[in-house]
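Before any comments, here is the structure.
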Amino acid sequence: MENAYIIDGIRTAVGSFGGSLSTTRPDDLAALVIKELMKRNQHLDYAKINEVILGCANQAGEDNRNVARMATLIAGLPFTVPAETVNILCASGMAAVANAVKSIKAGDGDLYIAGGC
């Protein structure tokens with residue numbers, strides 16, 4: 001069984017309901033994080049990412065589609081990198097990370113971007 005490691009972590013500012021981030025789309029915020037990961041880890045071949053997994057609770061309005069896929073494309077990752085959005089409400093971001101760990105441990109891949117939005 002493979003070991004799984006978190007090699008970097010980034011987050012955006014914390015917003016509040018109706019606050020200054022309320023007009024920013026979740027996929028745009030997630031794309032900013034992915035772009036920053038790419039800047040900070042330039043030695044990685046991003047075409048070899050097995051999947052981007054993002055958690056997003058209560059999807060509605062601008063985030064009612066596959067937010068992970070949209071963020072992946074907006075960030076400029078290759079279109080061949082798959083992406084999925086997980087929704088189990090309050091623990092969606094944690095579930096995304098857990099799903100990436102499970103995939104690594106099962107031998108399904110070795111490089112994932114996972115988090116929540």
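The values are calculated or read from the model by the stated rules, or taken from the named source; none is laboratory data. Keep in mind that this is a model prediction, so the values were computed, not measured. Cβ sites come from the backbone with ideal geometry, for glycine too, and all protein chains shown count toward neighbours.
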Give the residues of the stretch 71-117 that are modelled with pLDDT of 95 or more, in contact with a Gly (Cβ under 6 Å, 6 or more places away or on another chain) and hydroxyl-bearing (Ser, Thr, Tyr), sorted by residue number. Ser103
From Ile104, Ile53, grab the single residue that is closer than 14 Å to Ala30 by Cα, among the hydrophobic types (A, V, I, L, M, F, W, C) and either touching a residue at least 24 places away in the same chain (Cβ under 8 Å) or out of contact with any Leu (no Cβ under 6 Å at 6 or more places or on another chain) (or both). Ile53
Quick one: which residue in Ile113, Ile74 is of a type in the set (A, V, I, L, M) and in contact with a Ser or Thr (Cβ under 9 Å, 6 or more places away or on another chain)? Ile113
How many residues does the stretch 6-25 contain that are within 16 Å of the chain's Cα centre (by Cα) and either among the polar types (S, T, N, Q) or within 15 Å of Ala114 (Cβ to Cβ) (or both)? 7
